[in-house]
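Q: The structure follows.
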Amino acid sequence: MGLLEGLNPSQKEAVCTTEGPVLVVAGAGSGKTRVLTHRIAYLLEEKGVDPGSILAITFTNKAAGEMKERLQALVGPASRWLWVSTFHAACVRILRQEIAPLGYRSNFVIYDTADQLSLLKSCLKGLDLDDKKFPPKSILHAISNAKNRLWGPERLAREADNLFLDKAAEVYRRYQIRLKELNGLDFDDLLMLTVELFRQHDKVLRYYQHKFRYILVDEYQDTNHAQYVLIRQLASEHRNLCVVGDPDQSIYGWRGANLQNILNFEEDYPEARVIKLEQNYRSTKIILTAANQVISYNSDRKPKALWTENPQGKPLLMVTGETEHHEAGFVAGEIYRQTQGAGRSYKDFAVLYRTNAQSRVFEEAFIRSGIPY
Ligand SMILES: Nc1ncnc2c1ncn2[C@@H]1O[C@H](COP(=O)(O)OP(=O)(O)OP(=O)(O)O)[C@@H](O)[C@H]1O
Ligand SMILES: [Mg+2]
C-alpha cells in the first residue's frame, strides 16, 4: 500500500497506531516529521477520518507550510480542511471565533515585541518607575515567563522573591489592563487566553475537544507549560494524541520550554504506546557515533541509540586553537581553501559558536580573508 511504502517498521507502527496516546521518541533525522505527515494521510485515506477533526501542531510557520504542501501532494484537496499550524496560529483561529466571553472583541490586534515595549514604557511611566532600573526588555521577559506558566499578575506577585519581580508584577497588572482596553493580545496571551477560555467556558472547551478527534504535535520536547496544558485540555475527550520529539534536542529552555512535558508523557497518559525511531537517514556513521557520545552525557533523557545504513563518511576533525585568533584564522583558512580548490561555495559552510560575543573574532578573520558571511 502506497502510504506505508518507504517507511521502516517503527515508522509504520507510529503511522498505523492511530487510536490512543502515542509517544514517538526519535533522534535527529530519523523521520519524525515524515511520520507525522504520513500519519495524517493514513488517517484520511485509510481510516476515512474527516479532515476537520485533525489538529497538527508544528513548531514554526515554515514547518506548517511544508507539512501542508506534503499533505496536499499526498491526499489532494481534502487537506484544505486540516488544521496544520503552530500553537499560536491555532489559538488565533480559535480566539477569533470565541474570544467574546473573555471581554475582548474578535478583531483584536496582535502586539509584536515593538508594540509591547512601547506599551510597557508607558506603563512604567504611569507607575513612576525608572526604566533604567527596570528595563522594559527585562520586564517583558518576566511577564512572558509568567504567561508561559499561566501565571496572572497576582500569582507573579506572590511568587516574586525580589524587588525587580515585585515591580514586574505591578507593571504586568497595569499592562494587562491596558492591553484589554486597547483590544490587544500579545503573543503569549494567545496561548494563555485560550487556556483561560477553555477553563472558564466549558461549552467552548467541549466543542473543540469533540471536534479534534486526532491531535498531533511535532517537536514536543520544546513545548512550554501553557502549550502542555492546552494540549491536555484538547486531547482529554478522545485521547488520540500523538506527540513526537527528542529530549536530546531540547533547545528552548531559555524561553520556557519544559523538558518534563515529554519525559512525563507516560505518567500523564499511562496507556500510551511508546515508539522509538532510531534509524537515521541524514548523517554518516561517523557523525552519528560522535553525536551519540555527546548526548550520552545529557542528564534528562530517554536512552536511545541512533544508527544508520549510510556510509561511514569522512572522519571528523577536531582542532584545538591556542587562542581565539588562532581558532578563527584556522576556520577562515579552511573555508578559503575549500572554496578555492574543492569547488565548494560559501553557502555550504556554517560556523556555530556558543555566545554572540565570540562572533567578533570570526568576523575579523573573515573580513581579512575577504570571505562574505
Ligand atoms: N524510511 C525512510 N526511508 C528513506 N528516507 C527517509 C525515511 N524516513 C525519513 N527519511 C528521510 O530522512 C530525512 C529526515 O526526515 P525528517 O525530516 O522527517 O526527520 P526528523 O526526525 O523530523 O528530523 P529533525 O530532527 O531535523 O526534525 C528526510 O530527508 C526524509 O525524507
Ligand atoms: Mg522534524
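Q: If r is the Cβ-Cβ distance from Ile286 to Cys16 and R0 is 41 Å, what FRET efficiency results, to the nearest 0.05?
A: 0.75
Q: Of the listed pairs Lys147/Lys276; Lys32/Lys147; Lys133/Lys167; Lys12/Lys304, which have alpha-carbon separations greater than 22 Å here?
A: The answer is Lys147/Lys276; Lys32/Lys147.
Q: Label points 7 Å out from Cα along the Cβ direction at Gln338 and Lys133: separation in nm?
A: Label at Gln338, label at Lys133, 5.3 nm between them.
Q: Additional query: Running a GNM on the chain with Cα contacts under 10 Å, which residue among Ser138, Ser299, Ser283 ends up with the highest mean-square fluctuation?
A: Comparing Ser138, Ser299, Ser283 in a Gaussian network model of the chain, the most mobile one is Ser299.
Q: Same structure, new question: For region 164-313, what relative contact order do you get, as a whole percent, if you take Cα pairs closer than 8 Å and at least 6 residues apart?
A: Once divided by the residue count of region 164-313, the mean separation gives 18 percent.
Q: Then there is this: Residues of region 100-125 with amide nitrogen under 16 Å from the 7 Å Cα-to-Cβ point of Asn183?
A: The answer is 100-111.
Q: If you stretched the chain out fully between Glu324 and Ala350, how much longer would it get, using 0.36 nm times the residue separation minus the C-alpha to C-alpha distance? Write down the numbers at each step before the final one.
A: On the way: separation 26, 0.36 × 26 = 9.36 nm, distance 1.76 nm.
Residue separation times 0.36 nm, minus the Cα-Cα distance, leaves 7.6 nm.
Q: Something else now. Can you give the percent of C-alpha pairs in region 324-369 whose distance is more than 16 Å?
A: 35 percent
Q: In units of 2.2 N^0.38 Å, what is the alpha-carbon radius of gyration of the chain?
A: Normalised Cα radius of gyration, the chain: 1.14.
Q: Taking the Cα centre of the chain as the origin and placing charges on Cβ (Lys, Arg +1; Asp, Glu -1), which of Leu44, Ala342, Gly20 is farthest toward the positive end of the dipole?
A: It is Leu44, whose Cα lies furthest towards the positive end.
Q: If DNA, RNA and ligands are ignored and the probe is 1.4 Å, what is the ranking of Ile110, Ile94 by accessible area, most exposed first?
A: Numbers: Ile110 65, Ile94 5 Å².
Descending order: Ile110, Ile94.
Q: I would also like to ask the following. With a 1.4 Å probe and every protein chain left in place, work out the accessible area per residue of region 1-152 in Å², rounded to a whole number.
A: 46 Å²
Q: Taking 8 Å as the Cα distance limit and 6 or more residues as the minimum spacing, I'd like the relative contact order of region 268-315 as a percentage. Display every interim value, and only then the final one.
A: On the way: 41 pairs, mean separation 25.7, N = 48.
Worked out over region 268-315, it gives 54 percent.
Q: When only C-alpha pairs under 8 Å and at least 6 residues apart count, what is the relative contact order of the chain, in percent? Provide the component values of the computation, followed by the final result.
A: On the way: 506 pairs, mean separation 79.7, N = 373.
Contact order relative to length: 21 percent.
Q: If you don't mind, another one. Place a +1 charge on the Cβ of each Lys and Arg in region 109-182 and a -1 charge on the Cβ of each Asp and Glu, then give the dipole magnitude about the Cα centre in debye, rounded to the nearest 20. Intermediate values should be presented prior to the final figure.
A: Working: 14 positive and 11 negative charges, 12 e Å.
Charge dipole, region 109-182, about its Cα centre: 60 debye, nearest 20.
Q: Can you tell me the FRET efficiency between Glu5 and Glu309 if r is taken as the Cβ-Cβ distance and R0 is 22 Å, rounded to the nearest 0.05?
A: Computed FRET efficiency for Glu5 and Glu309: 0.80.
Q: Roughly speaking, what is the stretch gain from Ile367 to Arg206, that is 0.36 nm per residue apart minus the C-alpha to C-alpha distance, in nm to one decimal?
A: Stretched fully, the Ile367-Arg206 segment lengthens by 52.0 nm.
Q: Please work out how much accessible surface His141 shows to a 1.4 Å probe, ignoring ligands, DNA and RNA, in Å² rounded to 10.
A: Roll a 1.4 Å probe over it and His141 shows about 90 Å².
Q: While we're on this one: Give me the dipole magnitude in Debye, nearest 20, for the chain about the Cα centre, with unit charges on the beta carbon: positive for Lys and Arg, negative for Asp and Glu.
A: Roughly 540 debye for the chain.
Q: Please build a GNM for the chain, connecting alpha carbons under 10 Å apart, and tell me which residue among Ile177, Ile143, Ile215 fluctuates the most.
A: Ranking Ile177, Ile143, Ile215 by mean-square fluctuation puts Ile177 first.
Q: May I ask which residue of Phe265, Gly313, Asn240 lies farthest towards the positive end of the charge dipole of region 214-365, with charges of +1 (Lys, Arg) and -1 (Asp, Glu) on Cβ and the Cα centre as origin?
A: My answer, from the dipole projection, is Gly313.
Q: For the chain, modelled as a GNM with alpha-carbon contacts under 10 angstrom, which of Arg344, Arg282, Arg178 fluctuates the most?
A: Greatest mean-square fluctuation among the candidates belongs to Arg344.
Q: Starting from the Cα-Cα distance between Arg273 and Tyr252, subtract it from 0.36 nm times their residue separation and give me the gain in nm to one decimal.
A: Between Arg273 and Tyr252, full extension yields an extra 5.0 nm.
Q: Identify all aspartates and glutamates with a Cα-Cα distance to Lys47 below 13 Å; exclude those on the same chain that are fewer than 8 residues away in sequence.
A: Qualifying aspartates and glutamates at Cα under 13 Å: Glu19.
Q: Based on alpha-carbon centroids, what's the gap between region 313-373 and region 229-294 in Å, whole number please?
A: 33 Å
Q: Here is a further query. Note down the nm distance, to one decimal, between modelled labels 7 Å out along Cα→Cβ at Arg155 and at Arg199.
A: Going from the Arg155 label point to the Arg199 one covers 0.5 nm.
The values are calculated or read from the model by the stated rules, or taken from the named source; none is laboratory data. Owing to the predicted nature of the structure, the values given are computational and were not obtained by experimental measurement. Neighbour counts run over all protein chains shown; Cβ positions are idealised from the backbone, glycine included. Note: accessible area is taken over every heavy atom of the protein model, side chains too, but ligands, DNA and RNA are not part of it. Shrake-Rupley method; radii C 1.70, N 1.55, O 1.52, S 1.80 Å.
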